[in-house]
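Take a look at the structure below.
The values are calculated or read from the model by the stated rules, or taken from the named source; none is laboratory data. Computed from a prediction, not measured in an experiment: that's the story for all the values here. Using ideal geometry, Cβ is built from the backbone for each residue, glycine included, and neighbour counts are taken over all protein chains shown. Just the protein is used for accessible areas: all its heavy atoms, side chains included, with ligands, DNA and RNA removed. Shrake-Rupley method; radii C 1.70, N 1.55, O 1.52, S 1.80 Å.
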Amino acid sequence: MNPFDGPVRLDVPARWDGRRTIRVSAGDDDAMMTVALGAHAQVRAAAALQAQGGGDVRILTDATGLHILGVATGPLDPAELLRVAYAADPAGLDQVAARLGAGTWAALTTGLAFAPEGTGGPCRMLVASTPFHAVIGLTDGESQLPVNAATFYVGVMPGVCSEEFYFAFLERGEVVHQGGSWSA
């Protein structure tokens with residue numbers, strides 16, 4: 001498991017010019033990372049928030065794991081992603097849950113424990129096993145861990161990296177593309 005998948009501490013020098021690396025720490029692990037031009041303001045804001053004693057900070061990195069592409073603050077609750085997905089497609093998700101024997105999306109997803117998991121190469125997703133012989137996967141809509149509850153991918157499949165029974169890509173909380181072998 002990558003120690004930087006969860007909350008991190010950013011050490012940004014007071015006169016940081018955006019070109020130099022910054023120290024990112026997670027527990028006993030730390031690394032020097034570069035920051036994408038478009039993420040400079042996010043990094044500065046997150047570091048200021050931490051300096052005031054507030055909030056969890058998570059980073060989105062490129063495939064190397066050492067180049068920060070974006071920053072999210074506050075805890076990301078997978079249950080919130082599941083609620084947003086259900087609000088966007090209740091009939092589709094209830095249909096999948098019923099076919100798995102759970103009855104409803106709520107019955108399928110209540111009490112799940114999500115954990116980051118590699119899915120090949122640099123790709124990662126949050127994954128939880130259900131008691132109904134399926135896993136639920138969540139990504140940022142590309143190949144990394146989700147960073148917000150408005151734009152993400154949700155998939156229900158027999159196992160990680162399996163063909164999905166159902167999947168949906170959401171943007172701004174709305175389904176923009178969906179499919180899978182059980183999709184309506």
Would you check if there is a residue in region 86-104 being in contact with an Asp or Glu (Cβ under 6 Å, 6 or more places away or on another chain), of a type in the set (S, T, N, Q) and more than 28 Å from residue 122 (Cα to Cα)? yes
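Restricting to strands (runs of 3 or more DSSP E) lying wholly in region 114-184: which have 3 or more residues that are without any contact (Cβ under 8 Å) to a residue 24 or more places away in the chain and over 17 Å from the mean Cα position of the chain (by Cα)? Give the derivation first.
Details: elements: 115-118, 124-129, 135-139, 152-157, 166-171, 174-179.
Qualifying strands (runs of 3 or more DSSP E): 174-179.
Got a number for residues in region 162-174 being surrounded by fewer than 15 Cβ atoms within 10 Å (Cβ to Cβ) and either out of contact with any helix residue (DSSP H, G or I) (no Cβ under 8 Å at 6 or more places or on another chain) or polar (S, T, N, Q) (or both)? Walk me through how you get there before you give the answer.
To start, the set of residues in region 162-174 that are surrounded by fewer than 15 Cβ atoms within 10 Å (Cβ to Cβ) comprises 162-163, 171-174.
Checking the rest, the ones that are also either out of contact with any helix residue (DSSP H, G or I) (no Cβ under 8 Å at 6 or more places or on another chain) or polar (S, T, N, Q) (or both) come to 162-163, 171-172.
Of the residues in region 162-174, 4 are surrounded by fewer than 15 Cβ atoms within 10 Å (Cβ to Cβ) and either out of contact with any helix residue (DSSP H, G or I) (no Cβ under 8 Å at 6 or more places or on another chain) or polar (S, T, N, Q) (or both).
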Tell me which residues, restricted to region 81-110, are in contact (Cβ under 8 Å) with a residue 40 or more places away in the chain, over 22 Å from the mean Cα position of the chain (by Cα) and open to solvent by less than 60 Å² (accessible area, probe 1.4 Å). 100
Would you check if residue 156 is open to solvent by 20 Å² or more (accessible area, probe 1.4 Å), farther than 30 Å from residue 53 by Cα and out of contact with any Leu (no Cβ under 7 Å at 6 or more places or on another chain)? no
Counting only residues that are of a type in the set (A, V, I, L, M), farther than 13 Å from residue 21 by Cα and surrounded by fewer than 17 Cβ atoms within 10 Å (Cβ to Cβ), region 32-48 contains a total of 3
When residues of region 1-31 are filtered for being open to solvent by less than 80 Å² (accessible area, probe 1.4 Å), part of a loop (DSSP other than H, G, I, E, B) and acidic (Asp, Glu), how many remain? 1
Would you point out the residue of region 112-150, among those that are more than 24 Å from residue 70 (Cα to Cα) and of a type in the set (Gly, Ala, Ser), that is surrounded by the fewest Cβ atoms within 10 Å (Cβ to Cβ)? 113
Pick out the one residue from 162, 143 that is touching a Cys at 6+ places or on another chain (Cβ under 7 Å) and either farther than 21 Å from residue 5 by Cβ or of a type outside the set (Lys, Arg) (or both). 143
Can you tell me which residue within region 49-78, out of those that are exposed (fewer than 13 other Cβ atoms within 10 Å of the Cβ) and under 15 Å from residue 149 (Cα atoms), is modelled with the highest pLDDT? 77
